[in-house]
1. Which pairs turn up if I take residues in the range 151-172 that are more than 16 Å from R46 (Cα to Cα) and look for partners that are among the hydroxyl-bearing types (S, T, Y) with beta carbon separation below 6 Å, at least 6 apart in sequence or on another chain?
2. For the range 345-359, name all the residues that are touching a Ser or Thr at 6+ places or on another chain (Cβ under 7 Å) and more than 20 Å from L209 (Cβ to Cβ).
3. Would you call E101 surrounded by 15 or more Cβ atoms within 10 Å (Cβ to Cβ), over 23 Å from P28 (Cβ atoms) and either in contact with a strand residue (DSSP E or B) (Cβ under 9 Å, 6 or more places away or on another chain) or in the same structural domain as A158 (by TED's automatic domain parsing) (or both)?
4. Kindly establish whether H449 is farther than 24 Å from V238 by Cβ and at pLDDT below 80.
5. Might you check whether a residue that is loosely packed, with under 14 Cβ neighbours inside 10 Å and under 34 Å from the mean Cα position of the chain (by Cα) occurs anywhere in the range 431-447?
6. Go through the residues of the range 455-463 one by one and say whether even a single one is surrounded by fewer than 12 Cβ atoms within 10 Å (Cβ to Cβ), closer than 29 Å to P236 by Cα and at pLDDT below 75.
7. Please determine, by comparing only the residues of the range 115-162 that are of a type in the set (A, V, I, L, M) and in a strand (DSSP E or B), which one is surrounded by the most Cβ atoms within 10 Å (Cβ to Cβ).
Amino acid sequence: MSKKMPSLKTPNDVALYCTLRRALRKAPDFIGGYDCIVLLNVPSDRCAEDYDTCAASLMLRLSANRDDMAYVMITAADKPRAIVKRLEADHKKRRLLIFKEQAVDLPLQVSLSIDVEVDLAPISVMDFRIGCRIAYQIDATATEAEAAMKYPLDHVWAALRRGRPIKGALARLAKASELSSSGSKSKGELPLLEAMYGFGAAKTWGLELAQDLKDWQRGTIDWSEVDTGIVLSGPPGVGKTQFAAALARQCGIPIIAASLARWQANGHLGDLLKAMRTDFAKAKDSAPSILFVDELDSFGDRNSFTHDHKDYSVQVVNAFLEHLDGLDGREGVVMIGATNDLSRIDPAILRPGRLDRHVAIPLPTATDRIAILQQQLGQELPSKHHSRLAAATSGFSGADLAKVARDAKRVARRARRHVTMDDVVEVLPEIVPITGKPRRALAVHEAGHAADVVVLAKCKFHGAMITEHTRNDGRTVTGGGAFYGY
């Protein structure tokens, strides 16, 4: 078999050759020697050039006359005019393969010439096993192949050794993955959005966006069906910036972080506008991507500008609006704005077609606070202490909880041991049990709310409660509550 495919020297090339031959089953005229132009859509995680070696090998195998066939690589960087010219040079070939990357829109005159369009499939377990056997004389079982393919394939190819069992490569991959994971945790790398807590409706929106982006990349939905603009609001410390970063990791796409303050730091008005234009262009060039603009309220509302620099501020807002309008024509760019005060944002920024969706991120609930604290500590805390923790962290933001975790780790580190519940308690405000007269006073207070609701019968009473503990730190902390609704 190696004599038939002399150019296929690596497992990757052999595996890709298998995917190519399988795709061409849908183009029997091409395989049979008849005139045929085939468009091959490259998977989103690959470049067209990845298929260069296997395409050349196919040419050699199917025909000794290279003038009979040709193949062309179309990349995302190619301009429509360049694509047309390149294909004109090869259009006289009787059989032509066009490898096209996902982000490319073919010019109409090219699309009209296509006889068959086929999606190139990712490398399968069988493709992987064939590649290992032919290129490196490695006999991998299906189970071993599946285990290897859980890692990035470029890492797997580097770990393989010609003629040696795959078990050694798997061991090296596992060790490298463990070290990488440990290093990421030590650097405080954010988890995926799906593993984070306290974001409420924003998390739901983000996970739906991640799925929509996958569907868009597969070509199953149009970009117009993707929700491409949102404003996140909430008090300081709730994690609006963290949310955007975690969402980017969830989607597996880059994030470009910006703000008016960053753009202004570049100099005068012309420099500011240039920096703004550069970030929007960078987001487009990196598509699919997220452009995150923090402190969106810093742009202000043009209707309330009265200061000496009114003309300057109006130009800044107008330029920003111009870029927002351009998002409709820039496929792959998701715009996220963040603010502590939604009321200060120019209404034009929030109008339909721009950043018209708004989601508020509240302070985390008691359950979320405990989950966030455990995640920041990297360990679970005994459930019997959860009620005390909930009381001690009432009103805490995600940033507050991250500080608690850092302080507790520092206490444990100085003692040269793992974090204990005592370390967490030490760095938290004093936890005071609600008992005796204070508890009775709270009970009377909440009973008054309950009686008021029941007697007036203007809404439905759901119940009342008093917490077991409160904290002594000079901040207002709820000790109980009555719950009702309409």
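The values are calculated or read from the model by the stated rules, or taken from the named source; none is laboratory data. Being a predicted model, the structure only gives us computed values, none of them experimental. With ideal geometry, Cβ positions are generated from the backbone for all residues, glycine too; neighbour counts draw on all protein chains shown.
1. Sorted first by the residue in the range 151-172, then by its partner, the pairs are L160/Y136; R162/Y136.
2. If we filter the range 345-359 for residues that are touching a Ser or Thr at 6+ places or on another chain (Cβ under 7 Å), which is where we start, we get 345, 358.
Once the filter is applied, which keeps residues that are touching a Ser or Thr at 6+ places or on another chain (Cβ under 7 Å) and more than 20 Å from L209 (Cβ to Cβ), the range 345-359 yields only I345.
3. Numbers: surrounded by 15 or more Cβ atoms within 10 Å (Cβ to Cβ): yes; over 23 Å from P28 (Cβ atoms): yes; either in contact with a strand residue (DSSP E or B) (Cβ under 9 Å, 6 or more places away or on another chain) or in the same structural domain as A158 (by TED's automatic domain parsing) (or both): yes.
For E101, the condition - surrounded by 15 or more Cβ atoms within 10 Å (Cβ to Cβ), over 23 Å from P28 (Cβ atoms) and either in contact with a strand residue (DSSP E or B) (Cβ under 9 Å, 6 or more places away or on another chain) or in the same structural domain as A158 (by TED's automatic domain parsing) (or both) - is met.
4. no
5. Scanning the range 431-447, I find no residue that is loosely packed, with under 14 Cβ neighbours inside 10 Å and under 34 Å from the mean Cα position of the chain (by Cα), so the answer is no.
6. Restricting attention to the range 455-463, the residues satisfying the condition of being surrounded by fewer than 12 Cβ atoms within 10 Å (Cβ to Cβ) are 455-460, 462-463.
Still in the list and also closer than 29 Å to P236 by Cα: none.
No, there is no match, as no residue in the range 455-463 is surrounded by fewer than 12 Cβ atoms within 10 Å (Cβ to Cβ), closer than 29 Å to P236 by Cα and at pLDDT below 75.
7. Taking the range 115-162 as the starting set, the residues that turn out to be of a type in the set (A, V, I, L, M) are 116, 118, 120-121, 123, 125-126, 130, 134-135, 138, 140, 142, 145, 147-149, 153, 156, 158-160.
Add one more test, that the residue is in a strand (DSSP E or B), and what stays is 116, 118.
Working: V116: 16, V118: 18.
If we take residues in the range 115-162 being of a type in the set (A, V, I, L, M) and in a strand (DSSP E or B), then V118 is surrounded by the most Cβ atoms within 10 Å (Cβ to Cβ).
Okay, residues lined up against (1) modelled with pLDDT of 90 or more; (2) under 17 Å from L213 (Cα atoms):
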position: I253; (1), (2): no, yes
position: N266; (1), (2): no, no
position: K284; (1), (2): no, yes
position: H309; (1), (2): no, no
position: A338; (1), (2): yes, no
